[in-house]
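Asks: Mind having a look at this structure? Questions to follow.
The values are calculated or read from the model by the stated rules, or taken from the named source; none is laboratory data. It should be emphasised that the depicted structure is a prediction, and the values quoted were computed from it without experimental measurement. Here the Cβ positions follow ideal geometry from the backbone for every residue, glycine too, while neighbour counts run over all protein chains shown. Quick note on the areas: whole protein, heavy atoms, side chains included, nothing else; ligands and nucleic acids left out. Shrake-Rupley method; radii C 1.70, N 1.55, O 1.52, S 1.80 Å.
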Amino acid sequence: MSADTPSAVITTAHRHRVLVLGYLELLASAAAYAVGIVAQSVAARRAERRPGLDARLLTRLAADRLYLLGFGAQVTGFALAFLARGTLPLYLVQAGASSAAGLAALFGALVLGWRIRPAELAVLVVLAAGVVLLVGAARPSTAREMPAELGFVLLGVLLVTVVLALPALRATGSRSALALGVLAGVAFAVLAMTSRPLADGPLLELPLRPLTWLMLASALVGQALLAAALQRGSATATAASMDAVSVVLASVLGVVALGDLITPGREWWVALGLTLVVTGVVALGTKAAPARQEVPA
């Protein structure tokens, strides 16, 4: 499909089946991401912390079976989200994945004894309301082919992200965790953008497409920055800052550059839904950090 060809709308006969399958993939993806956030957080916090730029953090974490469990859950979540992006717009897939922050809080409360206050429960309701609005506004479609120029722009964004992360990696404390979470969100937004045009193509051809390697590079950068952020700050706050950035960037660029479709007359549903989702994940991180007691090694 050429860059200037409109998105191909899924036929009416297959729309219901495509939506059900896409939503199931998205729900399973969010659950897997939530398990990954909790497991990686505990593993990263109990890893030996070294001053300055810790180039071997991921190497040490790779020896931790709990971290590997979390990483496996993240990979599973990524694979399911990748499949969902084949037909669902980025604004829905990214918002659905961001609900993992809320699911992680619930999972942490049930399994690790994290304390959830009434204010946090209210935030989870807001988050759920935003996702419901986006589900109602979503119109399944395949994406346009990404122009080569946009691919080079995304490569430049990823390189700038790495450069900006270097000072934060040398620092410690909650501020550096917030900065690294934001930069991880940028990397994962690049991942979402590059994977959307790839998701509906033949899987066997993926290694032959340059976008595949940019997608993998952004995944590696995002994963490394996420691990460093989790070692420095609250799991929920880190996930919230990361998700807020990735949701906004990927959603806007998906509609503008990749032709993501919205049900006619429901554009305001998308605007309000994204606002509620971003507000929810940010508020969840803010509310959860003081009250949450992370479980030590």
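Asks: Output the residues belonging to the stretch 230-256 that are at pLDDT below 85 and more than 11 Å from the chain's Cα centre (by Cα).
Replies: Leu230, Gln231, Arg232, Gly233, Ser234, Ala235, Thr236, Ala237, Thr238
Asks: With Leu92, Leu106 as the choices, which residue is among the aliphatic types (A, V, I, L, M), in a helix (DSSP H, G or I) and more than 23 Å from Asp200 (Cβ to Cβ)?
Replies: After applying the criteria, what remains is Leu106.
Asks: Out of Val111, Val157, Val153, I need the residue that is open to solvent by 50 Å² or more (accessible area, probe 1.4 Å), in contact (Cβ under 8 Å) with a residue 40 or more places away in the chain and either more than 18 Å from Ala283 (Cα to Cα) or touching a Cys at 6+ places or on another chain (Cβ under 7 Å) (or both). Which one?
Replies: From the options Val111, Val157, Val153, the qualifying one is Val111.
Asks: Kindly indicate the residue of the stretch 253-273 that is assigned to a helix (DSSP H, G or I), open to solvent by 20 Å² or more (accessible area, probe 1.4 Å) and touching a residue at least 24 places away in the same chain (Cβ under 8 Å) and also nearest to Glu120 (Cα to Cα) among those meeting that condition.
Replies: Leu272
Asks: Which residue out of Ser195, Ser176 is polar (S, T, N, Q), under 20 Å from the mean Cα position of the chain (by Cα) and buried (at least 21 other Cβ atoms within 10 Å of the Cβ)?
Replies: Exactly one residue qualifies, and that residue is Ser195.
Asks: Filter the stretch 157-182 down to residues that are modelled with pLDDT of 90 or more and polar (S, T, N, Q), then give me how many there are.
Replies: Counting residues in the stretch 157-182 that are modelled with pLDDT of 90 or more and polar (S, T, N, Q) gives 1.
Asks: Could you list, in sequence order, the residues of the stretch 233-243 that are part of a helix (DSSP H, G or I) and either in contact with a Lys or Arg (Cβ under 7 Å, 6 or more places away or on another chain) or surrounded by fewer than 24 Cβ atoms within 10 Å (Cβ to Cβ) (or both)?
Replies: Matches in the stretch 233-243: Thr236 only.
Asks: I need the full set of residues from the stretch 43-85 which are at pLDDT below 75, closer than 22 Å to Ala105 by Cα and of a type in the set (A, V, I, L, M, F, W, C), in order please.
Replies: Listed by number, the residues that qualify are Ala43, Ala44, Ala47.
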